[in-house]
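Report on the following structure.
The values are calculated or read from the model by the stated rules, or taken from the named source; none is laboratory data. Keep in mind that what you see is a predicted model, and the values were worked out from it rather than measured. Heads up, the Cβs are rebuilt from the backbone with ideal geometry, glycines too, and the neighbour counts pull from every protein chain shown.
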Amino acid sequence: MRTFPSPPWSSAINHTARQLASVAALAFGLCGAAHGLCPAQSDATPVAPIQLNQQGEFVPEWAKSAIWYQIFPERFRNGDPDNDPKVTDLAGSDPQEPVAHWSVHPWGSDWYELQEYEQKNGDKELWKHLLRRRYGGDLQGVIDKLDYLQELGINAIYLNPVFDSPSLHKYDGASYHHIDPNFGPDPEGDRRLMATEKPIDPSTWVWTKADELALELIQKAHSKGIRVIFDGVFNHMGINSFAFQDLKKNQHASPYKDWFTVTSWDDDKAGTGFDYEGWFGVKSLPEFAEDVNGLADGPKNYVFAATERWMNPKGKGREHGIDGWRLDVAYCVGHRFWKQWREHVKTINPDAYLTAEIVDTPDKVKPYLQGDEFDGEMNYNFAFSSAEFFFHPKASRISASEFDRELARLRTLYPKGVAYVTQNLFGSHDSNRIGSHIVNRGIGNFREWGKYFNTSQAAGNPEYQVRKPNDHERQLQKLFAIFQLTYVGAPMIYYGDEVGMWGANDPDDRKPMVWADIDYADEVYNPDGSKRKPDSVAVDKDLLAHYRELSKIRGQYDALRVGEYRTILADDDRDVFAFERHYQGQQLWIVLNNHDTAQRIELDIDASTAAAVDLLSGERFEPTSGKLSLPLNGKWGRVLALSAP
């Protein structure tokens, strides 16, 4: 899910548009079906037998060992300045009105400082400036940084949308069978080539240079042991899409007349004009028509063809294609479509991984994870519970035992194997970054998604602190990272969190990535244009080393990836939580001190254990009289490898 890329999106930024905030709240955290805004999700009947492996699971085994890294391509790395977008490439994206002055934005500039070209345009509404910005991130930039990701310990990448689109976020796809030309080496040549197609006929589809670069990215990632999944937005397209443009022009005569939900046609006699349903009322995102089977036949067939194109490119085999999909606003498409689509995907690649974005209570998510739709989810409920234990102020923080019960509920709610492949995240392109969440802990509850979404947008909340996290706040992030990288499920890092990036909710969570070879201006400006104490912007080398070490440890121990789980201690009085991961002779204890002060923690230990070595510090501890005594600093943890005599 993501913020609105048009005025409803601005409701938390533009004071004059606050009346639209209720619309935004519906989009984030509340199931659209409950409000009549998305199709009813009543038909959860399987359409095909659920395929289980020898372990009685339906999830791909590799996904259990994934350490995910989420990349927002336009903001990750500019690998090829020659393909940078021009102002004409923004046509069709929000805000719709054209501007007289525009330029590719300086990568290392102060985020809230308006550049000279922006000042010349005269807009008073910050959200319009931020939506128009392009920094030049592209697929070559991702390729160039594959070694960086490998050194970080990443073995799976989730790419936010890369398909042809005029916006910075690309959730308003112009097509799903072409990579955005500005992500490739020859934008103008690609567009000329694309114009030769008959898009409704896959046999006429061409391979552009941007498409070929995507295949190169996949191949090079695979050569480094890194899987790649694409973001699928199968509920709607953008107004620039080939289908919508033809429909708007040709009306009833268009071959795409049944693709979208048209509410009225151009008709002089009737006095009506062309109108249609947009996603949550956003006109720049016309929704696909749906029927009892989910998507109507036209868009369904198109999505199926585009799916195969990227999973088995040129018919060369699944090893040349992507390894799965992340499905945007999955709750806005009927269950029956997802069941049929899963069958199609698994026919192409039985080992593909399918993960859904469904920000809702676990009981609402459960029907999607029964083996005939998705393998996993973007696990926001994991993030909500983690925030309530690690980051909430003392007065509202849940206890260690409450945290333990909530984790157990999430582990056992779904069929066997699912808990091991859910993407355990915190930050994303739809939430404030973990650093800023910690700085602003106490302003609301992350779990109250619709309300918190607006509360955590800096330009709409003068109480939101946009400053850099301090050392203590960094320590809280490190403590959470210890838990995230050792717990059941596949950890997912949002680009830049590992180097200390900070930022409020959309759009501030989409700042350009911080790299060591780029000079960054201090952040001085506030959202309202006033100034504050300067915050230096640079790679936090200590934090980066922490993430690298944790990823290395997770990669070295099967117990942390596929091992069984057992709670060892949930001490409410001392704010201590400890658990065990074990697998085929490997036994690890993770001990977390969530208290502000150092403590000595004693744990009962089996007589067969000779010693415990902290994999983070290298310290060795030997049990005495059946007890393991551990000194542990405040807001810190130990990852202990237990050894026999």
## Note on the structure
Residue pairs within 8 Å by beta carbon, gap of at least six or interchain, first lying in the range 82-94 and under 15 Å from Phe183 (Cα atoms) and part of a loop (DSSP other than H, G, I, E, B), second at pLDDT 95 or above and of a type outside the set (A, V, I, L, M), listed first then second, are Asp84/Asn78; Asp84/Arg134; Asp84/Gly136; Asp84/Asn182; Pro85/Arg134; Pro85/Gly136; Pro85/Asn182; Pro85/Pro187
### Message
Just to be sure before I move on: is Arg326 touching a residue at least 12 places away in the same chain (Cβ under 8 Å) and either under 23 Å from the mean Cα position of the chain (by Cα) or crowded, with 16+ Cβ neighbours inside 10 Å (or both) in the structure I sent?
### Response
yes
### Summary
Counting only residues in the range 441-453 that are in contact (Cβ under 8 Å) with a residue 24 or more places away in the chain and surrounded by fewer than 22 Cβ atoms within 10 Å (Cβ to Cβ), the one nearest to Ile358 (Cα to Cα) is identified as Trp449
### Query
If Ala305 passes every condition in (1) farther than 30 Å from Ala221 by Cβ; (2) small (Gly, Ala, Ser); (3) in contact (Cβ under 8 Å) with a residue 40 or more places away in the chain; (4) surrounded by fewer than 20 Cβ atoms within 10 Å (Cβ to Cβ) but one, which one does it miss?
(1)
### Query
Given the conditions (1) over 28 Å from Arg532 (Cβ atoms); (2) under 24 Å from the mean Cα position of the chain (by Cα), and given that Phe76 satisfies all but one, which numbered condition is not satisfied?
(1)
### Summary
Conditions (1) part of a helix (DSSP H, G or I); (2) over 20 Å from the mean Cα position of the chain (by Cα) -> Gly141 fails only (2)
### Task
Consider only pairs whose beta carbons are under 6 Å apart and that are at least six residues apart or on different chains; among these, list those whose first residue lies in the range 174-198 and is over 16 Å from Asp82 (Cβ atoms) and whose second residue is in a loop (DSSP other than H, G, I, E, B) and among the acidic types (Asp, Glu).
Ala174/Asp164; Ser175/Asp164; His178/Asp164
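Identify all residues within the range 465-488 that are in contact with a Ser or Thr (Cβ under 8 Å, 6 or more places away or on another chain), in a loop (DSSP other than H, G, I, E, B) and either hydrophobic (A, V, I, L, M, F, W, C) or surrounded by 23 or more Cβ atoms within 10 Å (Cβ to Cβ) (or both); write none if there are none. Even if it seems obvious, please write down each step before you answer.
Going through the range 465-488, the residues in contact with a Ser or Thr (Cβ under 8 Å, 6 or more places away or on another chain) turn out to be 465-466, 468-469, 480, 483-485.
Filter once more, keeping what is in a loop (DSSP other than H, G, I, E, B): 465-466, 468-469, 485.
Residues satisfying the conditions are Val466, Pro469, Leu485.
For the range 218-233, check the following and say yes or no: at least one residue is of a type in the set (Ser, Thr, Tyr) and more than 15 Å from Arg309 (Cβ to Cβ). Quick ask: steps written out before the conclusion?
Within the range 218-233, the first condition is being of a type in the set (Ser, Thr, Tyr), and the residues that meet it are 223.
Keeping just the survivors that are more than 15 Å from Arg309 (Cβ to Cβ) gives 223.
Yes, there is a match, as at least one residue in the range 218-233 is of a type in the set (Ser, Thr, Tyr) and more than 15 Å from Arg309 (Cβ to Cβ).
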### Query
So Pro299 fits all but one of (1) more than 20 Å from the chain's Cα centre (by Cα); (2) over 27 Å from Thr204 (Cα atoms); what number is the exception?
(2)
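If you take the residues of the range 218-250 that are of a type in the set (D, E, K, R) and touching a residue at least 12 places away in the same chain (Cβ under 8 Å), which of them is nearest to Asn349 (Cα to Cα)? Let's see the steps before the verdict.
Residues of the range 218-250 that are of a type in the set (D, E, K, R), as a first pass: 220, 224, 227, 231, 246, 248-249.
Still in the running and touching a residue at least 12 places away in the same chain (Cβ under 8 Å): 220, 224, 227, 231, 248.
On the way: Lys220: 19, Lys224: 20, Arg227: 13, Asp231: 17, Lys248: 37 Å.
This residue is Arg227.
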### Task
Tell me which residues, restricted to the range 224-235, are surrounded by 22 or more Cβ atoms within 10 Å (Cβ to Cβ) and touching a helix residue (DSSP H, G or I) at 6+ places or on another chain (Cβ under 8 Å).
Arg227, Val228, Phe230, Gly232, Phe234, Asn235
### Task
Return yes or no: is Ala516 exposed (fewer than 14 other Cβ atoms within 10 Å of the Cβ) and at pLDDT 95 or above?
yes
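Can you pull out every residue in the range 337-382 that is among the aromatic types (Phe, Trp, Tyr) and assigned to a strand (DSSP E or B)?
Going residue by residue through the range 337-382, those that are among the aromatic types (Phe, Trp, Tyr) are 337-338, 341, 353, 368, 374, 380, 382.
The one that is among the aromatic types (Phe, Trp, Tyr) and assigned to a strand (DSSP E or B): Tyr353.
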### Query
If you scan the range 581-621, which residues turn out to be under 12 Å from Ser643 (Cβ atoms) and assigned to a strand (DSSP E or B)?
Gln586, Gln587, Leu588, Trp589, Ala611, Ala612, Val613, Arg620, Phe621
### Test: residue in the range 71-91 that is in contact with a His (Cβ under 7 Å, 6 or more places away or on another chain), closer than 24 Å to Ser284 by Cβ and modelled with pLDDT of 95 or more
yes
#### Entry: Options Gly427, Gly376, Gly435; residue that is in contact with a Ser or Thr (Cβ under 6 Å, 6 or more places away or on another chain), crowded, with 23+ Cβ neighbours inside 10 Å and not hydroxyl-bearing (Ser, Thr, Tyr)
Gly376
### Task
Would you check if Ile157 is in contact (Cβ under 8 Å) with a residue 12 or more places away in the chain, surrounded by 24 or more Cβ atoms within 10 Å (Cβ to Cβ) and within 30 Å of Ile553 (Cβ to Cβ)?
yes
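Looking for whichever is closer than 22 Å to Tyr176 by Cα and exposed (fewer than 14 other Cβ atoms within 10 Å of the Cβ) here; the options are Asn250, Asn240. Which one fits? Steps first, answer last, please.
Values: Asn240 fails: exposed (fewer than 14 other Cβ atoms within 10 Å of the Cβ).
Result of the check over Asn250, Asn240: Asn250.
Scan Pro98, Pro60, Pro85, Pro49 and give me the residue that is within 29 Å of Trp502 (Cα to Cα) and not hydroxyl-bearing (Ser, Thr, Tyr). Outline the logic, then answer.
Working: Pro98 fails: within 29 Å of Trp502 (Cα to Cα); Pro60 fails: within 29 Å of Trp502 (Cα to Cα); Pro49 fails: within 29 Å of Trp502 (Cα to Cα).
Just one listed residue meets the conditions, Pro85.
Scan the range 402-453 for residues that are not in a helix (DSSP H, G or I) and not basic (Lys, Arg) and report the count. Don't jump to the end; show me each part of the working.
Initially, the range 402-453 is screened for residues not in a helix (DSSP H, G or I), giving 413-417, 422-433, 440-448.
Now narrow it down to the ones that are not basic (Lys, Arg): 413-415, 417, 422-432, 440, 442-446, 448.
Counting residues in the range 402-453 that are not in a helix (DSSP H, G or I) and not basic (Lys, Arg) gives 22.
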### Query
Can you pull out the residues in the range 520-534 that are surrounded by fewer than 23 Cβ atoms within 10 Å (Cβ to Cβ) and closer than 30 Å to Pro95 by Cα?
Tyr520, Ala521, Asp522, Val524, Tyr525, Asn526, Pro527, Asp528, Gly529, Ser530, Lys531, Arg532
### Query
For the range 609-625, what are the residues that are without any contact (Cβ under 8 Å) to a residue 12 or more places away in the chain and either more than 21 Å from Thr486 (Cα to Cα) or touching a Gly at 6+ places or on another chain (Cβ under 7 Å) (or both)?
Thr624, Ser625
### Task
Return only the number of the condition from (1) without any contact (Cβ under 8 Å) to a residue 12 or more places away in the chain; (2) of a type in the set (A, V, I, L, M, F, W, C); (3) under 30 Å from Arg227 (Cα atoms) that Ala253 does not satisfy.
(3)
## Note on the structure
How many residues of the range 298-344 are in contact with a strand residue (DSSP E or B) (Cβ under 9 Å, 6 or more places away or on another chain) and basic (Lys, Arg)? The answer is 5
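Yes/no matrix, rows are residues, columns are (1) over 19 Å from the mean Cα position of the chain (by Cα); (2) among the aromatic types (Phe, Trp, Tyr); (3) in a strand (DSSP E or B); (4) at pLDDT below 95:
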position	(1), (2), (3), (4)
Ile157	no, no, yes, no
His169	no, no, no, no
Ala174	yes, no, no, no
His177	yes, no, no, no
### Message
Based on this model, can you work out whether Lys209 counts as surrounded by fewer than 21 Cβ atoms within 10 Å (Cβ to Cβ) and either closer than 15 Å to Phe76 by Cβ or not hydroxyl-bearing (Ser, Thr, Tyr) (or both)?
### Response
yes
